[in-house]
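This report refers to the structure that appears directly beneath it.
The values are calculated or read from the model by the stated rules, or taken from the named source; none is laboratory data. Computed from a prediction, not measured in an experiment: that's the story for all the values here. Glycine gets a Cβ as well: all are built from the backbone with ideal geometry, and neighbour counts include every protein chain shown. The accessibility values were calculated without ligands, DNA or RNA, using every heavy atom of the protein model including side chains. Shrake-Rupley method; radii C 1.70, N 1.55, O 1.52, S 1.80 Å.
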Number of protein chains: 2
Amino acid sequence: MPIRAIVFDAYGTLYDVQSVRGLALELCAEQGELVTQLWRLKQLEYSWLRGLMQAYEDFWSVTRAALDFSLISAGIEPAPRLCDALMEKYLRLDLYPEAAAALDALGGYQLAILSNGSPAMLAALVEAAGLSGRFADVISVDRVKSYKPDPACYALVEPALGVPTAETLFVSSNGFDIAGAKRFGFRVARIARMDGMPAPESAAIGPAELYRLLRTQPEQLGLGADWTVRRLTDLPALLAGQEPINPSAGAGSAPGR
Amino acid sequence: MPIRAIVFDAYGTLYDVQSVRGLALELCAEQGELVTQLWRLKQLEYSWLRGLMQAYEDFWSVTRAALDFSLISAGIEPAPRLCDALMEKYLRLDLYPEAAAALDALGGYQLAILSNGSPAMLAALVEAAGLSGRFADVISVDRVKSYKPDPACYALVEPALGVPTAETLFVSSNGFDIAGAKRFGFRVARIARMDGMPAPESAAIGPAELYRLLRTQPEQLGLGADWTVRRLTDLPALLAGQEPINPSAGAGSAPGR
C-alpha cells in the first residue's frame with residue numbers, strides 16, 4: 001500500500017522541547033536543568049492522567065500546571081512573571097535543524113500535524129517557525145478533548161485528510177505516541193535522535209539523563225515503529241523504498257515489516 | 001456525612017514498592033538503584049498508557065514490561081532468571097511497618113483494597129502479609145480491564161461494598177490516585193510519608209531523588225486530598241474528628257473541607 005500522507009507529531013518530533021533549557025538556566029540558575037526535565041516529564045504525565053480521568057483541560061493549562069509542579073519541586077516559587085516568561089518560550093520552541101528541509105523534500109505528500117498542543121499553541125509554533133502553508137491541516141487533540149495515545153485522537157486524521165489510515169505514515173519521536181499510532185493502524189516511523197548512547201555507568205545520573213532514559217528510548221509495549229530513522233531528513237529515502245537507516249538494533253526496522 | 005467504609009490503595013500505600021531495592025542491588029549491583037526507580041516509574045506510565053490506549057494487559061504483564069525496560073535502560077540483559085527473581089519479590093513486597101496496627105484500629109469500618117494489581121498479585125500480597133480476612137473485598141481493576149485513574153475503576157467500589165461513594169474514605173499515597181478518587185467523589189486522605197524534605201540543592205540528583213520528586217509530592221491537578229496525614233496510624237484520630245497531622249502546608253488539610 002503506497003504512502004499518500006505523512007502526519008507529524010509536534011513536540012519532540014518537529015520542535016525541540018529541550019529548547020526551553022537555555023531560558024530555564026537563565027531564570028532558574030543551577031535549578032534550570034531540573035526544572036526543564038521535570039516540566040516535560042510532568043507535562044506528559046498530566047496529559048495522560050487527564051485523558052484517562054476524562055478531565056480534559058487544554059495543553060496550555062496542562063503545561064502551566066506541570067511548570068508549577070517543576071518549579072515547586074526545585075524549591076522555586078512559581079511567580080506569575082517567571083511562569084509567563086517560561087510559558088512564552090513554549091510558543092516559539094526551536095524547530096529541529098533538519099525539519100524545514102525534510103518538509104521541503106516531502107512536499108509531494110499531503111502533510112499534517114497531529115499534536116497534543118492547543119490550537120493557539122500550534123498556530124503560534126507553526127507561525128514562529130515559518131511553516132504556515134506547509135500543512136494540509138494542523139490537527140489538535142482539542143477537537144476531541146482528550147490526549148494521545150487515546151484512539152479518539154488518532155481517529156481525527158483520516159477524515160481531516162481524506163486518506164485512509166493504512167496509507168498514512170505517522171512520524172514521532174515519542175514512544176507513547178508511536179505505540180498509540182501503531183495500535184490505531186498507521187504505518188509508523190520513529191525518529192531516534194538519541195539512540196545508541198551507552199547505558200549510564202552508575203546510579204549518580206542527573207535529570208537530563210533520566211529524561212533520556214524514560215522518554216527517548218523505544219517502549220516495551222509490543223507496539224514498536226515499522227521503521228526507525230535518526231533524522232527527519234532520512235524520511236524521503238525511506239519512502240523512496242531505499243533501505244532505512246536503523247540506529248537501534250532490535251527495533252523494527254525492515255521496510256514493509 | 002459519616003465515613004462508613006475505608007478503601008486503601010495497595011502499591012505505595014499499604015505496601016512499599018521501594019522494598020524491591022535490596023534484591024535489585026543484590027542482583028544488579030551498582031545499577032540496582034536505577035533499575036528500582038525506572039521500574040516503578042515505567043510501571044505506572046505503562047498502566048496509564050494502556051488505560052488511555054484501551055489496550056489492557058494485566059498488571060503482572062505491565063510490571064514485567066516495565067522491568068524489561070528498566071533493565072535494558074541500565075545496560076542489563078533482561079534474562080528470564082533475573083526477571084523471574086525480581087518479579088517474585090513483587091508478590092511479597094514489604095507491608096509498611098504501621099499498616100497492620102492501622103488496620104486493627106480501623107476494624108469498626110468496612111475495609112477494602114482497590115488496586116491496579118491483578119487478582120493473583122493481590123491475593124499473594126494479602127496472603128504474604130497475613131492480612132487475609134481483614135478486608136470486605138480486595139478489588140482489582142482487572143474487573144473493568146482498565147487502570148486508575150479511569151473513573152471505571154473507582155466505580156467498582158460502591159457496588160462491591162454497598163456503601164455510597166460520599167461515605168467512603170479513599171486512602172492513597174499516589175498523587176494520580178488521589179486525583180482520580182477525588183474527582184470520582186470519594187473523600188480522600190493522602191498518606192504523605194515523604195513530605196517536608198528539602199528541595200534538591202543542585203541538578204546532580206540521582207534516580208531515587210527524582211522518583212521522590214515525581215511521584216511522592218502532591219500533584220498540580222486541582223484535585224487534592226481532603227486530608228493529609230503522615231502515616232496510616234494517623235487515620236483513626238482523623239476519623240474520630242481530631243485535628244489531623246498535616247505535614248505539608250498548603251495541601252488541603254482541614255477536616256471536612
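List pairs: first in the stretch B:207-224 and free of Cβ contacts under 8 Å to residues at least 60 places away in the same chain and at the interface with another protein chain (Cβ under 9 Å from one of its Cβ atoms), second among the charged types (D, E, K, R) and buried (at least 22 other Cβ atoms within 10 Å of the Cβ), Cβ under 6 Å, 6+ apart or cross-chain?
B:Leu223/B:Lys182
State all residues of the stretch A:132-168 that are open to solvent by 40 Å² or more (accessible area, probe 1.4 Å), touching a residue at least 24 places away in the same chain (Cβ under 8 Å), of a type in the set (Gly, Ala, Ser) and not in a helix (DSSP H, G or I); if no residue qualifies, say none.
If the condition is that a residue be open to solvent by 40 Å² or more (accessible area, probe 1.4 Å), touching a residue at least 24 places away in the same chain (Cβ under 8 Å), of a type in the set (Gly, Ala, Ser) and not in a helix (DSSP H, G or I), then A:Ala136, A:Ala155 are the ones that fit.
Filter the stretch B:149-159 for residues that are touching a helix residue (DSSP H, G or I) at 6+ places or on another chain (Cβ under 9 Å) and more than 14 Å from every other protein chain (Cβ to nearest Cβ) and give the result.
B:Leu156, B:Val157, B:Glu158
Yes or no: A:Val144 over 22 Å from A:Leu103 (Cβ atoms) and β-branched (Val, Ile, Thr)?
yes
Yes or no, residue by residue, for (1) over 29 Å from A:Leu52 (Cα atoms); (2) among the aliphatic types (A, V, I, L, M); (3) at pLDDT 50 or above; (4) outside any helix (DSSP H, G or I):
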site: B:Glu219; (1), (2), (3), (4): no, no, yes, yes
site: B:Gly224; (1), (2), (3), (4): no, no, yes, yes
site: B:Leu238; (1), (2), (3), (4): yes, yes, yes, no
site: B:Gly250; (1), (2), (3), (4): no, no, no, yes
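Of all residues in the stretch B:169-207 being of a type outside the set (A, V, I, L, M, F, W, C) and closer than 12 Å to B:Thr13 by Cβ, which is surrounded by the fewest Cβ atoms within 10 Å (Cβ to Cβ)?
Restricting to residues being of a type outside the set (A, V, I, L, M, F, W, C) and closer than 12 Å to B:Thr13 by Cβ, the top hit is B:Arg193.
Could you pull out every one of the helices (runs of 4 or more DSSP H) wholly within the stretch A:1-78 that has 3 or more residues that are farther than 16 Å from A:Ala208 by Cβ?
Where helices (runs of 4 or more DSSP H) fall fully within the stretch A:1-78 and carry at least 3 residues being farther than 16 Å from A:Ala208 by Cβ, they are A:32-53, A:59-73.
Could you identify the single residue in A:Thr165, A:Thr228 that is more than 14 Å from chain B (Cβ to nearest Cβ), over 24 Å from A:Ala123 (Cα atoms), polar (S, T, N, Q) and within 16 Å of the chain's Cα centre (by Cα)?
The match here is A:Thr228.
Please specify each residue of the stretch A:79-99 satisfying the condition of being open to solvent by 50 Å² or more (accessible area, probe 1.4 Å) and assigned to a helix (DSSP H, G or I).
Those that are open to solvent by 50 Å² or more (accessible area, probe 1.4 Å) and assigned to a helix (DSSP H, G or I): A:Pro80, A:Arg81, A:Asp84, A:Glu88.
Scan the stretch A:190-197 and tell me whether some residue there is aliphatic (A, V, I, L, M), in the same structural domain as A:Phe135 (by TED's automatic domain parsing), more than 15 Å from the chain's Cα centre (by Cα) and under 23 Å from A:Thr36 (Cα atoms).
Looking for residues that are aliphatic (A, V, I, L, M), in the same structural domain as A:Phe135 (by TED's automatic domain parsing), more than 15 Å from the chain's Cα centre (by Cα) and under 23 Å from A:Thr36 (Cα atoms), one finds at least one in the stretch A:190-197, hence yes.
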